[in-house]
1. Restricting the range 126-137 to residues that are open to solvent by less than 10 Å² (accessible area, probe 1.4 Å) and hydrophobic (A, V, I, L, M, F, W, C), which is nearest to L91 (Cα to Cα)?
2. For the range 139-186, enumerate the residues that are assigned to a loop (DSSP other than H, G, I, E, B), among the hydroxyl-bearing types (S, T, Y) and closer than 26 Å to F33 by Cα.
3. Please enumerate the residues belonging to the range 234-274 that are surrounded by 16 or more Cβ atoms within 10 Å (Cβ to Cβ), in contact (Cβ under 8 Å) with a residue 24 or more places away in the chain and of a type in the set (A, V, I, L, M, F, W, C).
4. Tell me which residues, restricted to the range 138-196, are of a type in the set (S, T, N, Q), open to solvent by 40 Å² or more (accessible area, probe 1.4 Å) and in contact with a strand residue (DSSP E or B) (Cβ under 9 Å, 6 or more places away or on another chain).
5. Of everything in the range 321-335, what is surrounded by 14 or more Cβ atoms within 10 Å (Cβ to Cβ) and touching a residue at least 12 places away in the same chain (Cβ under 8 Å)? Give them in sequence order.
6. If you go through the range 250-270, how many residues are touching a Leu at 6+ places or on another chain (Cβ under 9 Å) and not in a helix (DSSP H, G or I)?
7. Please give the number of the condition V318 fails out of (1) touching a residue at least 24 places away in the same chain (Cβ under 8 Å); (2) open to solvent by less than 60 Å² (accessible area, probe 1.4 Å); (3) in contact with a strand residue (DSSP E or B) (Cβ under 7 Å, 6 or more places away or on another chain).
8. Which of the following residues is open to solvent by 10 Å² or more (accessible area, probe 1.4 Å), at pLDDT below 95 and either farther than 19 Å from I388 by Cβ or aliphatic (A, V, I, L, M) (or both): V106, V4, V50, V54?
Amino acid sequence: MTDVERRRGGPCEGLTVLDLSTMVSGPMASQIFGDLGADVIKVEAIGGDVMRAVFPHHKGLGAYFSQYNRNKRSIVVDLKSEEGRRVARQLALRVDLVIENFRPGVTDRLGLSYDQLKTENSGLVYLSIKGFGEDGPYRDQPAYDQVIQGLVGFMGIQGAGGSPEPIRNAVADKVSAMSAAMSALAALWQRERNGGKGQKVVVKMLDAWASFIAQEQMKNHTFLDSREAPPPLRQIYRVFDTLDGKVIGLIIQDDQFRGVCAAVNRGDLLNDPRFAKPGDRLKNVGELNDELAPSIARMTSAEFLEATRKNQVPMAPVNTLEEFFEDPQAKHNETFPVFQDAEFGRIRTLGFCAEFGETPVTLDARAPKIGEHTDEILQGIGIAGEEIQRLRGAGVVS
């Protein structure tokens, strides 16, 4: 049984995706489709996706690469050769969705742009993920996650008033991936309503990250004629020390305020006019946190969380990832499913964010080894055994 047969099922069953992308944004977007049941063909250059090199490895397969490339088949094609480009084009003319995140102009040179494919594949949805877009002053500039974070203006919040700090995670890449998958699904739905006609979709990392992260800051800049200033984000997102750890949460509603006062034995705060109503508490959130902090610091995390949960106050421990693995809700949700692979042993992955009642997703197909499905994929487009060997011998595929 081939991998694609083993992965049958899911809400996107029957959809075919050609993944021409590398790094994070494109591969994560195509993995979403693979999780949803689509047949995702990952086209890799000679040497493979650069993310394969990131440590740690197990039997030659990279752990980081694995988190963005499960539920895919891999073919290695030399896109620098004319025959290699012809093979990639044959694949692109047979799929529903192409995903690419090359710099602007690269797909034109490869003969794999939307304009070069749409005449023969009119139903094609073509998803381009670009750092800044396909035009504008930054069009040709390289864009990594750190560059996008620096531009959008959120790092000052992370620095909590000191030196600006990035979120040390490829968040802009991943938000772009989710935005891209969402946009591609919308285009595929439109195709169903529009007589099967596809279209090109361009997702700009700069805009995707800004639209995701800037809402809180935008409340300072929405009503341009207003002078009312909201509380700073660093006060709302405050971490509290306990005797043996740290906790975080937010108190908005009246019952939550009463609950936290009861949990830390600060009933006197209920009569403080600074905190009388939700609006007052938000306006004076820094002062409220300063009042609560000493009492919280005299309790263990377990004591504080037991008392607040009993009173329906939204609080949580500040976990390490290893501690989150053992969290009872994470275990119940199967947030980190583990499956057994015949070659690589036990593999822990991340669960899918949605649960489908009628078409469940399947997450037990590991990321492919480089070129693992080359022959299988070529056979699927009618290239016979001897021709495969010739292409392999000529270095066109690997």
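The values are calculated or read from the model by the stated rules, or taken from the named source; none is laboratory data. Since we're looking at a predicted model, the values are computed, not measured. Cβ sites come from the backbone with ideal geometry, for glycine too, and all protein chains shown count toward neighbours. Remember, those area values only see protein heavy atoms, side chains included, never the ligands or the DNA or RNA. Shrake-Rupley method; radii C 1.70, N 1.55, O 1.52, S 1.80 Å.
1. Taking the range 126-137 and keeping what is open to solvent by less than 10 Å² (accessible area, probe 1.4 Å), we get 126-130, 133.
Restricting the remaining residues to those that are hydrophobic (A, V, I, L, M, F, W, C) gives 127, 129.
Numbers: L127: 15, I129: 20 Å.
Only one residue tops the list, namely L127.
2. Hit for the range 139-186 is Y144, nothing else.
3. Listed by number, the residues that qualify are F240, V247, I251, F257, V260, A262, A263, V264.
4. Filtering the range 138-196 for residues of a type in the set (S, T, N, Q) gives 141, 146, 149, 158, 163, 169, 176, 179, 183, 190, 194.
Next cut, open to solvent by 40 Å² or more (accessible area, probe 1.4 Å) only: 141, 146, 158, 163, 169, 190, 194.
Correct list: Q190 only.
5. Once the filter is applied, which keeps residues that are surrounded by 14 or more Cβ atoms within 10 Å (Cβ to Cβ) and touching a residue at least 12 places away in the same chain (Cβ under 8 Å), the range 321-335 yields only T335.
6. 4
7. Failing condition for V318: (2).
8. None of the others qualify; the one that does is V4.
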